[in-house]
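A quick write-up on the structure given underneath.
The values are calculated or read from the model by the stated rules, or taken from the named source; none is laboratory data. Only a predicted model underlies this, so the values are computations on that prediction, with no experimental measurement involved. Positions of Cβ are backbone-derived with ideal geometry, glycine not excepted, and every protein chain shown enters the neighbour counts.
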Amino acid sequence: MTMLIEMKVFGLAIDPITNTPIVILKDLEEKKAIPIWIGLFEASAIATELEKISFSRPMTHDLVNEMLKILDVEITKIVINDLRNNTFFAVIHLVKNAENITVDSRPSDAIALALRANAHIFVDEKVVEKSMQMDFGKKTADLSKYSKDKLEEFLESLSPEDFGKYKM
């Protein structure tokens, strides 16, 4: 049986090489961290929720969250459950009339919804282990000079101030 590690959104950063947004998740003791490269739209959805920015019209993740509420469906948690070929996978756990339902999701969308629903975010411990062995390739060439231990140390040493206006 795999163990799930509860994590929180620690902040958002920009990959300086590709200008791609990265969401950083840290465990509750802030001993383990994982970076997930995400799209600009999803980064915006996460950032607006972290900053509690509301719009006159609902954005996609707000709309989905409102629809689930109206349909009496609760998001209980999200689980980032796999990492294959440098791609993270997630599932959203829902409850409707005492029935448990899981829905496949991109981690970025799952995180954006979890933040809106105040649902817990979990990462399978095997995903945390695999993330420290990711092949970053061209995406983070500057980080490739660091050993996996050094990269893990770098991610764990990040403080909220390192993320500018998107800190938690």
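This table checks each residue for (1) among the acidic types (Asp, Glu); (2) within 17 Å of the chain's Cα centre (by Cα).
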| site | (1), (2) |
| --- | --- |
| Ala47 | no, yes |
| Pro58 | no, no |
| Glu66 | yes, no |
| Lys69 | no, no |
| Ile78 | no, yes |
| Asn81 | no, yes |
| Arg84 | no, yes |
| Ile92 | no, yes |
Can you name every residue in region 7-45 that is more than 17 Å from Ala112 (Cα to Cα), aliphatic (A, V, I, L, M) and in a loop (DSSP other than H, G, I, E, B)? Ile17, Leu28
Of the conditions (1) closer than 17 Å to Ala110 by Cα; (2) out of contact with any Ser or Thr (no Cβ under 6 Å at 6 or more places or on another chain), Lys32 fails just one. Which one is it? (1)
Taking the conditions exactly as written (touching an Asp or Glu at 6+ places or on another chain (Cβ under 7 Å), of a type outside the set (Val, Ile, Thr) and either under 15 Å from Met132 (Cα atoms) or without any contact (Cβ under 8 Å) to a residue 24 or more places away in the chain (or both)), does Leu28 satisfy them or not? yes
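From the list Leu113, Leu71, which residue is among the hydrophobic types (A, V, I, L, M, F, W, C), modelled with pLDDT of 95 or more and surrounded by fewer than 16 Cβ atoms within 10 Å (Cβ to Cβ)? Give the steps one after another, and end with the answer.
On the way: Leu113 fails: surrounded by fewer than 16 Cβ atoms within 10 Å (Cβ to Cβ).
Selected residue: Leu71, the only one of Leu113, Leu71 that is among the hydrophobic types (A, V, I, L, M, F, W, C), modelled with pLDDT of 95 or more and surrounded by fewer than 16 Cβ atoms within 10 Å (Cβ to Cβ).
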Somewhere in region 43-55, is a residue at pLDDT below 95, within 18 Å of Phe88 (Cα to Cα) and out of contact with any helix residue (DSSP H, G or I) (no Cβ under 7 Å at 6 or more places or on another chain)? yes
Would you point out which residue out of Ile121, Ile75, Ile92 is closer than 20 Å to Val9 by Cα, in contact (Cβ under 8 Å) with a residue 60 or more places away in the chain and part of a strand (DSSP E or B)? Ile121
